[in-house]
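Inspection log for the structure reproduced underneath, given as structure tokens.
The values are calculated or read from the model by the stated rules, or taken from the named source; none is laboratory data. Nothing here was measured: the structure is a model prediction, and the numbers come from that model. Please note: Cβ atoms are built from the backbone with ideal geometry, for glycine as well, and neighbour counts cover all protein chains shown. Quick note on the areas: whole protein, heavy atoms, side chains included, nothing else; ligands and nucleic acids left out. Shrake-Rupley method; radii C 1.70, N 1.55, O 1.52, S 1.80 Å.
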Number of protein chains: 2
Amino acid sequence: MYKRRFTKADGRALYLYGQRPIDDARLAGPETPGHNPAHLRWHPLLNTWVIYAAHRQDRTFLPPAERCPLCPGHEIPFPHFEVAVFENRFPALARMPAPPPPDIPIPARPGVGRAEVVVYTEAHQGSIASLTTAHRRLLVRVWVDRYRELFADEAVAYVMPFENRGEAVGVTLHHPHGQIYAYPFIPPVAATEADAFAERPVLLELLPRLRPYTIEETRAFVAFVPPFARFPYEVWIAPKRQHPGPWTFDEAELDEFADILGNVVRRYDALFAKPLPYVMALHAAPKGVERFHFHVEFYPPMRSQDKRKYLAGTELGAGTFVVDVLPETAAETLRKVL
Amino acid sequence: MYKRRFTKADGRALYLYGQRPIDDARLAGPETPGHNPAHLRWHPLLNTWVIYAAHRQDRTFLPPAERCPLCPGHEIPFPHFEVAVFENRFPALARMPAPPPPDIPIPARPGVGRAEVVVYTEAHQGSIASLTTAHRRLLVRVWVDRYRELFADEAVAYVMPFENRGEAVGVTLHHPHGQIYAYPFIPPVAATEADAFAERPVLLELLPRLRPYTIEETRAFVAFVPPFARFPYEVWIAPKRQHPGPWTFDEAELDEFADILGNVVRRYDALFAKPLPYVMALHAAPKGVERFHFHVEFYPPMRSQDKRKYLAGTELGAGTFVVDVLPETAAETLRKVL
């Protein structure tokens, strides 16, 4: 894998990753500067940080394809690229954020960290499923490189690559892309998972019993609907061995991981014969935590072809999910769909 | 307050509450039976129960007004009523649920508890804001009565009245109504809040410092945007004294609570000059917990008149919210809107 780092006019970092050497000349032209005023405030009842990024109200919202900022020549001033990563122009977390406003009656601090955009391909159309096998295998190696580089920042405690896909989950740009947040604290979900894995190897215990829930299996990985899914067509991908993150995968495992990831998205898109909206997140260990079982979680917000699942009273008010579709039914459907 | 209890043909309970005696004769006619197959499964990574209620896929979805099940004569077989409460026909939790299916590779148990529908008025149109003052004061007393009756069930550990309003939060019936879930466990949000209050009287400490966040204040209550709001126009209503739940309010406090509740919804509806969708939940103490500061939380899913806030990667994958509108700005807007 080849990698080159550039600095944008406003100081934001831009990385190009490729299977081939990256030697195109940078395009000339004006660049739009970013904003960094995000800050954190403490939620004293939920014991967690909330991120405030008021400038995000102005962010680019579903632009026409010819003004897509993720196509070559806008945020990425090169005529071609394979995978590009850059610091978000409207970051929730940033290297040099502004201090919080004065007089907040609770603990507050600057939103130090990173919010990166990962552009999967220069092509404006497509998805993880439509990338070539080699290109998808490049993408998972980009994630590994980002984990390594972001963990090296001493302010960073947790790194989460994720993808929001589809207008149903609020996507404002259609060009195939994901994001990476590097948090200066361990977020609640990661903390709860780390506590569970510290106590028991939960997934190692569960994996041999997942036959009716399995969608697809390779030598080293399983894709399954968890028997405790909170979304109707939730899918997890986990390695059979307990890896803290994809940074401990060997080359063959990285390839297999990319392949099964593509297949899950392919199944999703076959489910209702159109691209299924989803939130996908990589759940790796927080920095310095060893006993953790890396996995990917996909949450599609649909409970049928035309009906959404909404998070409402019980989910938001109590934190308890009510699910309409049994996991074993969802697994059978997703197993048979291809 | 007058109250009468009835039993529907399928065994479900129905309660009528009124300011006047309830002596109308019950209407004859067929009744549609309910379903009770909900069960719970343990999520071993998040350490919490998930509720499965697959029959809910079939629930009534935005029927035309003339077939509204919440108007007099359908679920509520009386020609008139003030406030009616009945056990949901598609319950997430029920008094006599079926056992979970066999062979689930994680802990599972029947979904014991209660899912009640609270019909605010016989009128098909309206909201908490449009009820008369006396009727809204009746409604808060109905909630108190439900807390008392549901807590008396030894299977119940937590009771949460809530309201989902608007299609943007998935409402399937427009008739003004809320719901009450009685859980056989303490849900994650309630548990986290109870831990916080056990340590410190968080809201008592915060309330004197909320001036820039206050929307409305009465003798005994404050409505405010919390300085750590996770939704752009989130509002909380809290009593100034630390009550574990509305069941310790005196008559004057119950009236004031109803009044400020109506005013908050009135402000919401003025904000974008149309009924604002929201999830409202009453956060009271779990059964047996004394050190808890009751409050109501409203989560509207909008970040502007025409833009939704979506819960996506960081909220669902990490549990960390990113907010676009500063709480002090939202508070000023909501303060000035009426």
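The table for this structure:
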{"item": "Partner chain coverage, peptide B:187-195 - average Cβ within 10 angstrom", "result": "5"}
{"item": "For B:Pro63, label point 7 Å along C-beta direction: distances to other copies, nm", "result": "4.9"}
{"item": "Set of lysines with alpha-carbon distance to B:Lys336 below 20 Å, sequence-local pairs under 8 removed", "result": "B:Lys274"}
{"item": "Cα convex hull of the stretch B:104-257, projected area averaged across orientations, nm²", "result": "11.8 nm²"}
{"item": "Solvent-accessible area buried by A and B, counting both chains, probe 1.4 angstrom, square angstrom", "result": "6500 Å²"}
{"item": "Radius 10 Å from Cβ of A:Arg267, net charge of other residues (Lys, Arg +1; Asp, Glu -1)", "result": "+1"}
{"item": "If the convex hull is drawn through the Cα atoms of chain A, its volume per residue in Å³", "result": "143 Å³"}
{"item": "Stokes-Einstein diffusion coefficient of the stretch A:292-338, Kirkwood radius over Cα pairs, 20 °C, 1.002 mPa s, in µm²/s", "result": "167 µm²/s"}
{"item": "For the B-to-A rotation axis, chain B residue with nearest beta carbon and its distance in angstrom", "result": "B:Leu311, 3"}
{"item": "Ranked by how many other beta carbons lie within 10 Å on average, peptides B:156-165, B:15-24 from highest", "result": "B:156-165, B:15-24"}
{"item": "Helix-only mean residue ellipticity at 222 nm for the protein assembly as shown, each DSSP H run of n ≥ 4 adding -39500 (n - 2.57), per residue, nearest 500", "result": "-6500 deg cm²/dmol"}
{"item": "Value in Å of the Kirkwood radius, where the protein assembly as shown supplies the Cα pairs that are averaged", "result": "26.3 Å"}
{"item": "Solvent-accessible area lost in complex, 40 Å² minimum, residues of the stretch B:222-261 relative to chain alone, 1.4 Å", "result": "B:Pro227, B:Phe228, B:Arg230"}
{"item": "In order through the stretch A:77-90: 3J(HN,Hα) via Karplus (6.51 cos²θ - 1.76 cosθ + 1.60), integer Hz, x for Gly, Pro", "result": "x, 9, x, 9, 7, 8, 10, 10, 10, 9, 6, 4, 5, 10"}
{"item": "Over 25 Å (Cα to Cα) - which of A:Lys309/B:Lys307; A:Lys240/A:Lys307; B:Lys240/B:Lys309; A:Lys287/B:Lys307 fall in this group", "result": "A:Lys240/A:Lys307; B:Lys240/B:Lys309; A:Lys287/B:Lys307"}
{"item": "Karplus 3J(HN,Hα) series, Hz, for the stretch B:257-271 with 6.51 cos²θ - 1.76 cosθ + 1.60 (x for Gly, Pro)", "result": "4, 4, 5, 5, 4, x, 5, 4, 5, 4, 5, 4, 6, 7, 4"}
{"item": "FRET efficiency estimate (nearest 0.05) - Cβ-Cβ, A:Ser304 to B:Thr333, R0 41 angstrom", "result": "0.65"}
{"item": "For the stretch B:1-185: rounded, prolate or oblate by the Cα gyration tensor [a/c cutoff 1.5]", "result": "prolate"}
{"item": "Assigned charges on the beta-carbon of Lys, Arg, Asp, Glu; chain A dipole about Cα centre (debye)", "result": "180 debye"}
{"item": "Cα-projected label distance for A:Arg4 with B:Arg219, points at 7 Å along beta-carbon direction, nm", "result": "7.4 nm"}
{"item": "Peptides A:104-117, A:140-153, B:29-42 ordered by average Cβ neighbours within 10 Å, highest first", "result": "A:104-117, A:140-153, B:29-42"}
{"item": "Mean Cβ neighbour count within 10 Å, used as a protection proxy, ranking A:259-270, A:191-202 highest first", "result": "A:259-270, A:191-202"}
{"item": "Antiparallel bridges, percent of DSSP beta bridges restricted to chain A (to nearest 5)", "result": "95 percent"}
{"item": "Förster-model FRET efficiency, 22 Å R0, B:Arg241 and A:Arg109, C-beta, rounded to 0.05", "result": "0.10"}
{"item": "Computed E for A:Ala28/A:Arg95 - FRET, C-beta separation, R0 25 angstrom, nearest 0.05", "result": "0.45"}
{"item": "Heavy atoms of A:Phe185 accessible to a 1.4 Å probe, total area in Å² rounded to 10", "result": "20 Å²"}
{"item": "Descending principal axes extents, the stretch B:57-120, alpha-carbon based, whole Å", "result": "48, 22, 16"}
{"item": "In order through the stretch B:105-119: 3J(HN,Hα) via Karplus (6.51 cos²θ - 1.76 cosθ + 1.60), integer Hz, x for Gly, Pro", "result": "x, 9, x, 8, 7, x, x, 6, x, 8, 10, 10, 9, 10, 8"}
{"item": "Distant alpha-carbon pairs in the stretch B:188-338 (separation over 28 angstrom), percent", "result": "19 percent"}
